[in-house]
Amino acid sequence: MSGPPLIPVVDEGLGNSAYLLDLGDGRAVAVDPPRDLRALRAAARRAGLVVAYAADTHLHADFLSGVRQLAADDGARILASAAGDRRFAHRGLRDGDEVDLGGLTLRALATPGHTDEHLSFLLLDGGTPVGVFTGGSLIVGSAARTDLLGDERAEELARAQYASLHRLAALPDATAVWPTHGAGSFCSAPPGAARTSTIGREKATNPLLTAPDADSFVTHLLSGLGSYPRYFSWLAEINRNGPDLITTEPTLTALDPAAVRRRLADGAVVLDVRPVADIAAGHLPGAIAIPLRSQFATWLGWLVDPTAAIVIVRNPDQHPADILWPALTIDFANIAGELAGGIPAWRAAGGPVTTTRLVRPDRVTGPVLDIRQHSEYAAGHLPDALHIELGDLPTHTDAVPDEAVTVMCGHGERAMTAATLLRRAGHHSVSVLDGGADDWARATGRPLTEDA
């Protein structure tokens with residue numbers, strides 16, 4: 001069944017999809033838009049669309065919502081669950097409520113589990129289901145995690161998720177499934193999964209929908225949950241209150257080396273976003289390195305104190321907007337500025353730098369610290385490697401041997417972050433594997449160790 005034009009807007013870093021639904025008359029519905037609206041606005045401009053409705057499926061924990069910004073800037077009408085108790089103007093929807101979109105209808109379906117107040121939005125053409133925006137309920141190959149409100153509620157919400165998935169599975173097989181969370185999301189999605197599906201495909205292939213009963217479903221869902229960033233614990237409440245509106249384009253204030261030193265003396269944190277090789281060649285002592293890439297916001301929110309003033313170190317070809325907007329999307333607004341002139345200016349002013357040795361895969365000797373996620377480590381790691389997830393490292397640096405250690409991840413970016421965290425904690429003999437576990441296996445001809 002063909003439906004109205006739908007434009008997915010994918011954030012590869014956070015692993016989420018927002019959607020623009022073309023209503024055929026120059027208007028559009030935006031579903032689960034993030035605070036960083038650059039990509040969504042660009043897609044709307046290309047299609048000649050104005051956002052008339054902005055809908056949130058749930059109180060997001062992994063990003064700040066852009067619905068309030070769209071209401072302020074574009075006059076969009078906000079649609080969201082009445083049970084979410086949002087503290088800003090919106091149309092609160094309950095199970096079964098419908099919104100007339102002018103030829104199409106959006107029907108709210110209560111689908112609790114990922115969160116208490118979760119709604120899915122069923123799109124109807126006449127009385128025929130076309131597709132369903134499932135948010136963090138049914139996702140491709142799985143369902144979103146149910147432990148964000150605390151481990152003590154995880155099983156209760158998993159049972160609610162079971163009922164919600166089976167409610168959605170009762171829709172016609174041809175109904176399109178448009179989830180928000182997808183591959184790369186810490187709200188839990190299988191790696192490499194497609195981002196959209198159909199009800200029929202999910203009934204045939206989603207292991208949670210083929211589970212024989214609720215108990216099996218709960219066991220399967222909960223056993224697959226890994227760790228998640230700590231900022232997930234406070235973003236939902238900000239989304240309930242409504243993120244502050246952004247009225248001017250964010251910019252980085254230039255700070256000369258003397259001003260940076262003053263900021264550091266006052267407790268600021270230096271955040272180095274340059275590529276791994278540049279950081280290895282020299283970075284400010286005490287800096288935290290998070291190389292700028294699609295996953296930048298995840299590790300910023302996981303590892304950096306949100307109350308600390310942040311000084312950015314970047315290369316000239318790294319655009320400030322690509323640093324500031326991801327930070328704002330997870331509520332990191334306390335960025336004091338940037339080191340004007342970068343590392344060359346710091347060196348010219350007599351500032352010290354710390355270097356980090358990059359180790360070729362065939363030259364690894366001595367202790368190895370693997371800081372990948374548990375699932376990555378279990379799938380294949382160097383024999384005898386110590387494992388501490390990067391997100392846990394700031395509170396577990398004392399578990400790392402006080403001797404020369406090589407830090408590794410999948411490619412080197414996370415390992416460089418870990419190396420700078422270890423240096424801040426007093427570990428001085430730290431190197432970084434230039435590559436990953438598979439590179440080591442190919443270079444040495446030795447097998448990786450897999451955990452059962």
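Computed from the coordinates by the stated procedures, all read-outs in this text should not be read as laboratory data. As the structure is a computational prediction, the values presented were derived from the model and not from experiment. So basically every Cβ, Gly included, is an ideal-geometry build from the backbone, and we count neighbours across all protein chains shown.
Considering helices alone, the calculated mean residue ellipticity of the chain at 222 nm is -8000 deg cm²/dmol, with DSSP H runs of length four and up weighted by -39500 (n - 2.57) and normalised per residue. Fully extending the segment from A170 to W234 would add 19.6 nm, taking 0.36 nm per residue of separation and subtracting the current Cα-Cα distance. A crude spin-label estimate for the pair E98 and R38, with each label 7 Å from Cα along the Cβ direction, gives 4.1 nm. When you work out D = kT/(6 pi eta Rh) for segment 14-87 at 25 °C and 0.890 mPa s, using the Kirkwood radius from C-alpha pairs as Rh and the Stokes-Einstein form, the result is 199 µm²/s. By DSSP, the beta bridges lying fully in the chain are antiparallel in about 45 percent of cases. How much length is gained on full extension from R442 to L386, taking 0.36 nm per residue of separation minus their Cα-Cα distance? Full-extension gain reported as 18.1 nm.
Descending by average beta-carbon neighbour count within 10 Å, the peptides 340-348, 55-63, 201-209 line up as 55-63, 201-209, 340-348, the highest first. Here's the picture: charge each Lys and Arg Cβ at +1 and each Asp and Glu Cβ at -1 in the chain, and of T210, I238, V50 the one pushed furthest to the positive end of that dipole is V50. In plain terms, the chain from D125 to E152 could stretch by 5.6 nm, reckoned as 0.36 nm per residue minus the Cα-Cα distance.
Can you give the FRET efficiency for T251 and V10, using 1/(1 + (r/R0)^6), R0 = 22 Å, r = Cβ-Cβ distance, to the nearest 0.05?
Numbers: r = 27 Å, r/R0 = 1.21.
About 0.25, to the nearest 0.05.
Peptides 273-282, 29-38, 214-223, 248-257 ranked from most to least packed, by the mean per-residue count of other Cβ atoms within 10 Å: 29-38, 273-282, 214-223, 248-257. Scattering from the C-alpha atoms of segment 42-199 alone, worked out with Debye: what is log10 I(q)/I(0) at q = 0.11, 0.17, 0.19 1/Å? Log10 of I(q)/I(0), two decimals: -0.43, -1.06, -1.31. Equivalent-ellipsoid semi-axes for segment 254-401 (Cα gyration tensor, √(5λ), whole Å, largest first): 28, 19, 15. Site pair T307 and A47 shows an inter-label distance of 4.3 nm when each label is modelled 7 Å from Cα along Cα→Cβ. The label-point distance for R91 and S223, in a model that sets each label 7 Å from Cα toward Cβ, rounds to 4.4 nm. For the chain, what relative contact order do you get, as a whole percent, if you take Cα pairs closer than 8 Å and at least 6 residues apart? With pairs under 8 Å counted, the relative contact order is 12 percent.
Overall shape of the chain was characterised from the C-alpha gyration tensor. The equivalent ellipsoid obtained from it has semi-axes of 40, 28, 18 Å, in decreasing order. Annotation for segment 383-438 versus segment 1-77: alpha-carbon center distance of 39 Å.
Nearest 10 degrees is fine. How inclined is helix 151-169 to the longest principal axis of the chain, computing both from alpha carbons? So the inclination is approximately 40 degrees.
Relative to the dominant Cα principal axis of the chain, helix 413-424 is inclined by about 50°. Debye sum, Cα scatterers, segment 221-334, no solvent: what log₁₀ I/I(0) at q = 0.18, 0.21 1/Å? Debye curve over Cα of segment 221-334, log10 I(q)/I(0) at q = 0.18, 0.21 Å⁻¹: -1.02, -1.30. Rounded to the nearest 10 degrees, the inclination of helix 232-241 to the longest alpha-carbon principal axis of the chain is 50 degrees. Cβ-Cβ distance of D25 and T105, R₀ of 22 Å, FRET efficiency by 1/(1 + (r/R0)^6): the value works out to about 0.90.
The relative contact order of segment 6-125, computed from alpha carbon pairs under 8 Å that lie at least 6 residues apart in sequence, is 17 percent.
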